[in-house]
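Step one of this worksheet: look at the structure below.
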Amino acid sequence: MLDMQESVAERRSGYYNELAERARYDKEAFSELYDYFFPRVYNFIFAKVKNTEQADDIISITFEKVFVKLGDYDSGKGAFSTWIFRIALNEMNSLFRKNKQLNEAAWEEFFEPADGRKTPEQQVLSDEGDSQLLLAMEKLSDRERRVVSLKYLTGISNKEIAEMEDMTANNVGVVLHRALDKLKAILEGSGYTI
């Protein structure tokens, strides 16, 4: 099953690598890249900075650099997703160096407004679960948080995460498995039912 998921991820990655090559001269190709990667990169950034203004600034700079430096992208050196997330990560690190600290946002800012399809009770339970999960995530190591965020907020493959984190894809799987086990234990220990 894992091999099939990786195969699908590799085909998807290949598609976006080719699309990036076309985007150098095709506005619609760039638009498709933007539409696909913007929410994934934004979620990754916001999960780290927890501040909408900073996330907005970083995402703007990231896509400006992607647009300007698209001619420098070389699919032979790695996946486009790795390249764009590396740019975002470098921009976050640059911001952190400038500010020397993260500005914490209210937990609620990370989540969507009330869902009209849910009852108020369901929304409160959902929000409570989200808050519990974020508190539990804070107890993971930086590496574990990065890997979990990359996997579940951006949907990129273990292989792409491995390229970004200088790890093997198997090691990414191990880190994910251990981090999810830790999250489960933390949540169960705090009385949250999984």
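What follows is calculated from the coordinates using simple rules that are stated; it is not laboratory data. Everything numeric here is computed off the predicted structure, so don't read it as measured data. Cβ coordinates were reconstructed from backbone atoms using ideal geometry, including for glycine residues, and neighbour counts include every protein chain displayed.
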FRET efficiency, 1/(1 + (r/R0)^6) with R0 22 Å, evaluated for V68 and D26 via beta carbons: 0.85
L133/D57 FRET efficiency (R0 22 Å; Cβ-Cβ; nearest 0.05): 0.25
Highest-first arrangement of 164-175, 53-64, where packing means the average Cβ count within 10 Å: 53-64, 164-175
Among the listed pairs K98/K159; K159/K184; K50/K184; K27/K98; K69/K159; K27/K50, those beyond 28 Å (Cα-Cα): K98/K159; K27/K98; K27/K50
Ratio Rg/Rh, restricted to region 148-194 and using Cα atoms, in which Rh is the Kirkwood radius: 1.08
Cβ crowding within 10 Å averaged over residues, with 71-78, 43-50 ranked highest first: 43-50, 71-78
